[in-house]
Amino acid sequence: CLQYGATEGAAQLAQVLKQVTRTRIGGADPGDLIVTTGSQQGFELLLRILLEPGDGVVIERPCYPAAIQALRLAHAELLEIPGDAQGMDTDALEALLLEGARPKLLYLVPSFANPTGATLPLVRRRHLLALAVRYQFIVIEDDPYGQLRFSGQAEPPLLQVAQEIEGARDWLVYLSSLSKIVAPGLRIGWMCGPSEILRRAVIAKQTGDLCTAPWMQMVAAQYLQAGHLEAHLPHIIATYRERCAIMLSSLREAFGDRLSLIAPEGGMFI
């Protein structure tokens, strides 16, 4: 672990991350997987290998600021779809597509989004993936917060929903990270998706950082294999539940009816 490693990730860590992902998506095979330096690197790699200047990318309004910054650096055309208490309005997305828009990509945090805290319901998840297949654009599912649910009914990741929609797996890339559920300083993320996309991403990653730090990969692998994440999650979920309740209570006390609040069911944002 003090030498350069495989660009696609240490086999020991990739294997355990596959199992983590398989558990999240109801036991289905997550497909090909590569390790990244945080999920942010996975997103940046996808922009490098898939976008040409002027290509359209659909995002929710409002959207994760670092994603907007990366898209502007890639000279993408931002196609903003409004969001509500249930996340991106997929009917508005369909209307945009019917008007003739042909995006290359769609980026979305479907569970406990940054910055809104909204979660996309199952009916919209199915609608979104059906649109991706029909209009042939790649959906980037960013899922760093999905394990931080502290109330309500869990929604399946898009990677799981895609199992029931013919062709959807060909148009979906799944990103996740240990940053929000273990430690930001590990800088360990991963990407699942079609083999040809991941092959190109590995080539792009090799020119950027050669490999994600093997030392940190081994730390993460040992941590996960020892079952520490399962023991840790209830503690941080309880912590975020308490912080959310205090924040909501404080905002209501300070602003009363002047402020409209949507209570999130998990994650880190209101």
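The number of residues in segment 175-199 that are among the charged types (D, E, K, R), over 19 Å from ALA10 (Cα atoms) and in contact (Cβ under 8 Å) with a residue 24 or more places away in the chain comes to 1.
Just checking, which of LEU186, LEU210, LEU251 is closer than 30 Å to VAL139 by Cβ and modelled with pLDDT of 95 or more? Walk me through it before giving the result.
Values: LEU186 fails: modelled with pLDDT of 95 or more; LEU251 fails: closer than 30 Å to VAL139 by Cβ.
Residue meeting the stated conditions: LEU210.
Summed over segment 26-79, residues that are part of a loop (DSSP other than H, G, I, E, B), without any contact (Cβ under 8 Å) to a residue 60 or more places away in the chain and aliphatic (A, V, I, L, M) total 3. Would you check if VAL202 is among the aliphatic types (A, V, I, L, M), surrounded by 14 or more Cβ atoms within 10 Å (Cβ to Cβ) and free of Cβ contacts under 8 Å to residues at least 60 places away in the same chain? Here the answer is no, as VAL202 does not meet what is asked.
If only residues of segment 19-47 that are surrounded by 17 or more Cβ atoms within 10 Å (Cβ to Cβ), farther than 19 Å from LEU148 by Cα and of a type in the set (D, E, K, R) are counted, the one that is farthest from the chain's Cα centre (by Cα) is ASP32. List every residue pair whose Cβ atoms lie under 8 Å apart, where the two residues are 6 or more positions apart in sequence or sit on different chains, the first residue falls within segment 146-174 and is farther than 17 Å from THR90 by Cα and of a type in the set (Ser, Thr, Tyr), and the second residue, located anywhere, is at pLDDT 95 or above and assigned to a helix (DSSP H, G or I). Short answer, once both residue conditions are applied: SER151/ARG241; TYR174/THR21; TYR174/LEU158; TYR174/LEU159. Of all the residues in segment 94-116, those that are surrounded by fewer than 21 Cβ atoms within 10 Å (Cβ to Cβ), over 24 Å from GLU52 (Cβ atoms) and in contact with a strand residue (DSSP E or B) (Cβ under 8 Å, 6 or more places away or on another chain) number 0. Can you confirm whether segment 118-132 contains a residue that is at pLDDT below 95, within 26 Å of SER260 (Cα to Cα) and either out of contact with any strand residue (DSSP E or B) (no Cβ under 8 Å at 6 or more places or on another chain) or part of a helix (DSSP H, G or I) (or both)? No, because not a single residue in segment 118-132 is at pLDDT below 95, within 26 Å of SER260 (Cα to Cα) and either out of contact with any strand residue (DSSP E or B) (no Cβ under 8 Å at 6 or more places or on another chain) or part of a helix (DSSP H, G or I) (or both).
Since ALA101 meets every condition but one in (1) part of a loop (DSSP other than H, G, I, E, B); (2) free of Cβ contacts under 8 Å to residues at least 12 places away in the same chain; (3) among the aliphatic types (A, V, I, L, M), which condition does it not meet? The one condition ALA101 does not meet is (2).
Can you find even one residue in segment 189-201 that is in contact with a strand residue (DSSP E or B) (Cβ under 7 Å, 6 or more places away or on another chain) and either at pLDDT below 95 or over 30 Å from ARG134 (Cα atoms) (or both)? No, that holds for no residue.
The values are calculated or read from the model by the stated rules, or taken from the named source; none is laboratory data. Keep in mind that this is a model prediction, so the values were computed, not measured. Reconstructed Cβ throughout: ideal geometry from the backbone, glycine too, with neighbour counts over all protein chains shown.
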